[in-house]
Structure formats: structure tokens, C-alpha cells
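Worksheet: the structure to be examined is printed underneath.
The values are calculated or read from the model by the stated rules, or taken from the named source; none is laboratory data. Everything numeric here is computed off the predicted structure, so don't read it as measured data. Cβ placement follows ideal geometry from the backbone for every residue including glycine, while neighbour counts extend to all protein chains displayed. Just the protein is used for accessible areas: all its heavy atoms, side chains included, with ligands, DNA and RNA removed. Shrake-Rupley method; radii C 1.70, N 1.55, O 1.52, S 1.80 Å.
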Amino acid sequence: MQEALNFYRLLIRTMVNLKFAVVLLLIIAAAATAGTLIGGAYGEEAQAEFFASVPFSMLMIVFMLALALAVFSRYPWKKTHIGWIATHTGLIVIVIGHMITAHYGVSGKVDLFEGRSTKAAEGDRWFLTVDLPGVDRRCRIPFSLDEAPDQAIGRVYALPGGDTLTIERYFPTFDVKRSVVPNYDSEEARNPA
């Protein structure tokens, strides 16, 4: 028991040490540079996968833990610590934001024009939307359109409530057509002149 306690004390002392922080920041800088270069070479999707990977996430967790331990190691705080605590807490919030965005964020684009609003967005991922009869629920299933048709045949997806959806046929060639429909709800659209 005493050995475990000594180990945790040594670990905490190491993580709040300035030399550890400098080495950790250099490792994070090298990893971020690698992720940026991967994005430049292989595209945004590869870059997003790199920054959401387990090794990079673990590095961010160690960074957050070191920041939190550094803040709590100064307790009881003095007025002179306010700026230092705010900076470290701000960095923790930024890292938490990165983790949420990397693992749960949805990317896409929204076309907005002055004075207009929209509820539609174009996403980077395709989803198969299934309306579940009888329960008035809608389920979204991530679906890749890049796969060959023979790979998708017979694929089974679990739906909420214990039901399953089986894709029996898959047509990989289709045309996405967009049509522009004038909005006659505004006076300006009815009288363009």
C-alpha cells in the first residue's frame, strides 16, 4: 500500500514538473505537425482520423491531467495565481472541446445568404435514414457510398427496439440533382425589378 502511495506521489510530482510540461508540449507539437502534414498529403478525412486516434487522444488526456494537477498543486490559491489558474483552466476547456469535436463532431457546410435562415446542411458523411413504423422514430445509419455493390449486399444493421435492417440490393450509380426553386414568400422575390 505504501509503495503504491509513493508511486502516485512520484507520478504527481513528475506531472507538475516544468521539465515534464516542456517535453510534453514538444511531443504534442510534433504530433500536431505530423497530423497537419498527413492532412496535406492525404486529405481532411485522414487528418480528422489522426486527431481522433487513440494515441493522440491519450496524449491530450495526459496533457489535461498534467494541467489539472498543476492547478490543484498550488492550492490554497492566492490572488497572484488568478491569471495562472485561468490560463491552465482555459487550456483544459480547449482540449475538452477538441476531444468532443474529434469524437462526436459532425462536419459539413451550410449555405447562408443575407437575411435568410436554413435548417439544412450538407454533410461530409452519408447516412441511411430509416423511419421506424409504429414508434414514430427516425434512425440514421452511417453508410458509405464508396463501397462496391457486392460488399453491401446482405449487410445487416441493428435498429432501436430490436429490429434489423438488411440491405439486399445496392445501386452504386445514381445522380444527385439539385434544382433551384424560387422563394416567393418575400416581396422582393415576387417583384425583382
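General observations
- Selection of helices (runs of 4 or more DSSP H) fully inside region 1-72 by the criterion of at least 3 residues being surrounded by 10 or more Cβ atoms within 10 Å (Cβ to Cβ) and under 26 Å from the mean Cα position of the chain (by Cα) returns 18-42, 44-51.
- Pairs where the first residue, in region 1-24, is touching a residue at least 24 places away in the same chain (Cβ under 8 Å) and the second is open to solvent by 70 Å² or more (accessible area, probe 1.4 Å) and part of a helix (DSSP H, G or I), C-beta under 8 Å, 6+ apart: M15/L65
- Within region 85-106, considering residues that are touching a residue at least 12 places away in the same chain (Cβ under 8 Å) and open to solvent by 70 Å² or more (accessible area, probe 1.4 Å), the one farthest from the chain's Cα centre (by Cα): I96
- Residue check for R125: at pLDDT below 75 and part of a strand (DSSP E or B): no
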